[in-house]
Every structure is written in C-alpha cells, then in structure tokens.
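Here the structure is laid out as structure tokens; the discussion comes afterwards.
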There are 2 protein chains.
Amino acid sequence: MGSRLDHPSELWQAIREGKFRGTTAGLCPGYAQANLVILPKELAFDFLLFCQRNPKPCPVLDVIEPGSFRPKLAAPEADIRTDTPGYRVYRDGRLVDQPDSLLSYWRDDLVTFLLGCSFTFERALMENDIPIRHIEEKVTVPMYITSRECVPAGVFHGPLVVTMRPIPREKVVRAVQVTSRFPAVHGAPVQVGDPASLGIQDLGKPSFGDPVTVKPGEVPVFWACGVTPQAVAMHAQPALMITHAPGQMFVTTLKDEHLGVL
Amino acid sequence: MGSRLDHPSELWQAIREGKFRGTTAGLCPGYAQANLVILPKELAFDFLLFCQRNPKPCPVLDVIEPGSFRPKLAAPEADIRTDTPGYRVYRDGRLVDQPDSLLSYWRDDLVTFLLGCSFTFERALMENDIPIRHIEEKVTVPMYITSRECVPAGVFHGPLVVTMRPIPREKVVRAVQVTSRFPAVHGAPVQVGDPASLGIQDLGKPSFGDPVTVKPGEVPVFWACGVTPQAVAMHAQPALMITHAPGQMFVTTLKDEHLGVL
C-alpha cells in the first residue's frame, strides 16, 4: 500500500479499489470512526428512538435519509455502500453474507445509522497518559453482556453490553473526566470497580473479545459498548440488517476533537 | 388555589380538575418543564431525525411511542392528553383550536415529543447570580428568527430561532459554563455579542416575545430556542400537529439537576 491512509478520503479510495480490507484501528488519526447499522425504513423510527433513549451505548453521529448512501453530515464525499472495509449482512437475525461492497444489496428503503465508536475516547485517554490494556496486549477489548436492560423502544430491547479497561486507581477520576467530554462516543463510564453490580461474574471470561490483565492497584472501569445496538437490532430479527465487520469501521471526516464538549 | 403546586403530580391534578390554566413559569421548582410537539406517526422519524441533527434548538427529553399518552420515562404517572394547562391544535399548518384537553383529539397514530425548555438553565443562571432580564422586567423572553438554517431532515427545514439574554460582560464566561452543563435544555449559547452575525438587525424588535433593556456593560447572548422545532414543524404543514400553548408547558418529574452533565 503506497498511501499512509492519514485522511479518510485516501482510505475510502483504497477500499473502493480493493487495496484495503483490514482493521481501521489506528488509521486516520484524529478522525472519528463509526459503527454502521443499516435497517429498512419501517424499523428506522423505533431504532432511532432506541438510540435516543440509550445514548451511552448508542451515540448517534449521523443518520442518512432512506435510500441515500451519502453521509451528508459525517462524510459528504463518501459512499456508504463501498467505503467500509468489510460488511455483514443479516436476514431474519442470521448472518448470511460478508460482502466487500453493498452495491448488490442496496435498496431505496435502507436507512443508515452511524454510531460513535470507542476509538475516539481511547485516543483521548492515551493522550492523558492513561494506559489502554487491550492495545498494550494487542488483543480485542473485552466485552461483557450485563444484567442491565437498555430502555426499550418499539420492537427493540435487550441488555447493555459494556467494555472493560483496567485503570490505575490514581487515574480513575481523570479517566472519568476525559471520557465525559465525549458523549458522542459512549461518554463517561457506566460503572467503576464493581463488575458484580453489572452481573459480571468473571472478568476473565468476556462475552466477546479477549480477557486482559488487571494489575494490582488497577480498577476495572466499564463503558457502554457499540455492540449493544447491533445485538439489540439482531435480536429483533429484522428481514434485513447490514453492519460493518468487527474492527472494520466506517471512517468519517468528523474530527474527534469536534465531538468533545467543553 | 389551595395547593402550592410544588410537585408535578399536584399540578397535573389541578389541571385535570380545571383548577389551573396559567403559565407554568416558576412552578414545581427543580423539575424540568417540556415543550410539547405531537405529530402523526408518518412524520415521526423525520422529526426525530431533525431533532437529532439540531440538538441545541431541539433537545429531546423523551418521545412517547405512537398512540401512548403516558410519558413512561419523563413522567410515568401523567397523562399527556390532560395534564398540560393549554394546548394548540394545528391542521395543515393553521391554528384551529386551543382546547383544555386532547381527549377528543387523541388518535392511535400520534407520537409525542417532549423537548427541553430554557426554564432549567435560567434557574441555573440565577443560582449563579447571573440576572435574567426578562424575568426582572416581567415580560416574555425576546425571540429572533435568525439567518442561520437548521440542518434539514426529510420534510423538516427552517431557520434557527434564538432567545436573547443580556449578560454583564464579566459574567459571560460563567454564563457559557453554566448553560454548557445542560445540553438537554438548549445548552451553551449559539452566539455571544454579535446579533448581526445571526442576521438580527434590531434587538429592539424581536420576532416573538418582548424587547428587554440591554444596559451599558452588558453583552447580548443568544441561545437556541424551543420555538424553532414548532416553527419548523408548522412550516411542513402536517395534516395534524398539536403543541402546548405558549408559557403553558408540560411539567415532567425529571429533576433539572439530573439533566446536567459534569
């Protein structure tokens, strides 16, 4: 690959030309990456309402009008059908395809939801010298299905899924402050230090992703996870649902820092 | 009136019994009051998306599922059809009735939007010893239609409407900080000190409400206004739209302070 893929437009181009199919972690530093959920229009109101009611797991960056594949606000030059490195297609809640492009799946009634992703707040944590264990250990962040129900909306309901990052005890307050600035990308933690209160029995056995080391003097801190809306949407068994492939996010031209409050 | 109407449930009861029809300003201190916009289901997705894209003028506190009149999240014991002191009914964008109750208008396809109201952040300003001129002068806050377009969504589009409060120069920073804490009720100002940049030619001639005195050493500060979504909705000329009457808000059981971030 000749390009360093520092700008989203370079990445989209490389994907369109079939030159890039990997994870987007670490690419295009400073630009917000997004979880993708694409649903038929008849489910769009219920799903948008679900996101509205559960902003921590489902922080909406943008919603594209029915049938349109241009993220007018989040990435006006991109094509949502071709510019994500990997897609997953579900029918009636079952994975049926993992295409490189959505050109053959596209329909005039599809509504695209772009939901914030933890890459933005992880970058802010690292800039504040707060370690990110799963990055250090080169594994996928551990995710846990909790005993806490999201606020339901229409046909959508299900448990909150969280990620866990071990934070040194003396940096917990700063970690809360730093991530509170970014409500558009999961925001403040949902819980500090008490896995049992979320129904998590064993930190070593995440529901998805990999376990990470919690060192002495570190506190497990839990943030709402973007897997929540995907799990909830899948559970409703829509006739058609399309998402990005894990780790292969859609990269927007929204600047991380512009998503910060205060 | 015997009761002091300190709690929303006392107010709802008084309204239901026909004992209260006035403005809700100053009632039930500490509880968030809401702008009401009720639309048929076929417009609900577009309107929710409009709110999502324009959170400053359209801060969503809650949306009630089609046909339901119980604000399950914002005021579970209330009935949205009877517990607001005044309603306005519009057909095709024209005011046709100002009923005391919506019992005869209710339909199974109506979706109720509860949008945050500036009463919450005005209270926070006053607690910080920042004067609210229109309250001191006992008039309605001055509102201005600006030259700034909201981000459109589906059939909904139109200009941003703002309120203006004169703030002593040395308290402007604090006023920005205090209101930034409340994104669910219009949040930070949209402009400080330059009416012309919003297309406002004469502060003495507001589009709605009353002019207020701007004293020497004071800066006009502009916040997004809840009249925006009503004006935008009306402009789309929906077959049916219902709102609260001006100043006669729906009072929720959400605590003002719980709407604060950080």
Note to self: List the Cys residues of the protein assembly as shown that have no partner Cys with a C-beta closer than 4.7 Å.
What the structure shows: A:CYS28, A:CYS117, A:CYS150, A:CYS225, B:CYS28, B:CYS117, B:CYS150, B:CYS225
Notebook entry, point to check: Do you know the relative contact order of chain A, to the nearest whole percent, from alpha carbon pairs under 8 angstrom that are 6+ apart?
Noted result: 31
Note to self: Given all pairs of different Cα atoms, what value in angstroms does the Kirkwood hydrodynamic radius of region A:66-191 take?
What the structure shows: 17.6
Notebook entry, point to check: Computed on alpha carbon atoms, what radius of gyration and Dmax characterise the protein assembly as shown, expressed in Å?
Noted result: 23.9, 78
Note to self: At 222 nm, what value in deg cm²/dmol follows for the protein assembly as shown if DSSP H runs of at least 4 each add -39500 (n - 2.57) and the sum is divided by all its residues, to the nearest 500?
What the structure shows: -5000 deg cm²/dmol
Check: Whole number please: convex hull volume per residue of the Cα set in region A:148-194, in Å³?
Finding: 85
Note to self: Between helix B:44-53 and chain B, what is the angle of the helix's C-alpha long axis to the longest principal axis, kept within 0 to 90° and rounded to the nearest 10?
What the structure shows: 20
Check: Which entries of B:LYS19/B:LYS205; A:LYS138/A:LYS255; B:LYS19/B:LYS72; A:LYS56/A:LYS215; A:LYS255/B:LYS215; A:LYS41/B:LYS255 show an alpha-carbon separation above 31 angstrom in the structure shown?
Finding: B:LYS19/B:LYS205; A:LYS255/B:LYS215; A:LYS41/B:LYS255
Note to self: Run the label-point distances for A:LYS215 please: 7 Å along Cα to Cβ, every other copy, nanometres, shortest first.
What the structure shows: 5.7
Next item on the list: Post the alpha-carbon centroid distance, region A:14-92 to region B:145-175, in whole angstrom.
Entry: 29
Check: So how strong a dipole does region A:68-214 carry about its Cα centre when Lys and Arg Cβ are +1 and Asp and Glu Cβ are -1, to the nearest 20 debye?
Finding: 220
Note to self: As I understand it, the dipole of the protein assembly as shown uses +1 on the Cβ of Lys and Arg and -1 on the Cβ of Asp and Glu, about the Cα centre. Which of A:GLN248, B:HIS134, A:CYS150 lies farthest toward its positive end?
What the structure shows: B:HIS134
Item checked: region A:21-94: relative contact order in percent, alpha carbon pairs under 8 Å with at least 6 residues between -> 22
Checklist line | Longest exposed-site-free window of chain B, the sites being trypsin sites (Lys or Arg not before Pro) in a DSSP loop that have at most 14 other C-beta atoms within 10 Å | finding: B:139-262
Checklist line | Total charge dipole magnitude, chain A, about the Cα centre, Cβ charges on Lys, Arg, Asp, Glu only, Debye to nearest 20 | finding: 260
Checklist line | Shape box of region B:1-150 [Cα atoms, principal axes, largest first, Å] | finding: 45, 45, 30
Next item on the list: Pull out the extension gain between B:LYS19 and B:HIS157, defined as 0.36 nm times the separation in residues minus the alpha carbon to alpha carbon distance; nm, one decimal.
Entry: 45.9 nm
Notebook entry, point to check: How far apart are the A:ILE135 label points across copies, placing each 7 Å from Cα toward Cβ, in nm, shortest first?
Noted result: 4.4
Notebook entry, point to check: Using all Cα-Cα distances in region B:119-228, what percent lands in each 5 angstrom bin from 0 up to the longest?
Noted result: 2, 12, 23, 26, 21, 10, 4, 2, 0
Notebook entry, point to check: For chain A, which span is the longest to avoid every loop-located (per DSSP) member of GluC sites (Glu not before Pro) having at most 12 other Cβ atoms inside 10 Å?
Noted result: A:138-262
Margin query: Along the Cα→Cβ direction, 7 angstrom out, place labels at B:LEU203 and B:MET126. What is the inter-label distance in nm?
Written below: 2.2
Check: Please state the relative contact order of region A:119-202 as a whole percent: Cα pairs under 8 Å, 6+ residues apart?
Finding: 30
Next item on the list: Calculate, in whole percent, how much of the Cα-Cα pair population of chain B lies beyond 33 Å.
Entry: 16
Checklist line | Radius 15 Å from Cβ of A:GLU137, net charge of other residues (Lys, Arg +1; Asp, Glu -1) | finding: 0
Next item on the list: Note the distances from B:GLN237 to each other copy's matching label point, with points 7 Å along the Cα-to-beta-carbon direction, in nm, sorted shortest first.
Entry: 4.4
Check: Looking down the axis that turns B into A, which residue of B has the closest beta carbon, and how many Å out?
Finding: B:PHE45, 2
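Only the coordinates and a few stated rules stand behind these numbers; no lab work does. Remember, it's a predicted structure, so these values are computed and weren't measured experimentally. FYI the Cβ positions are ideal-geometry reconstructions off the backbone, even for glycines, and counts take in every protein chain you see.
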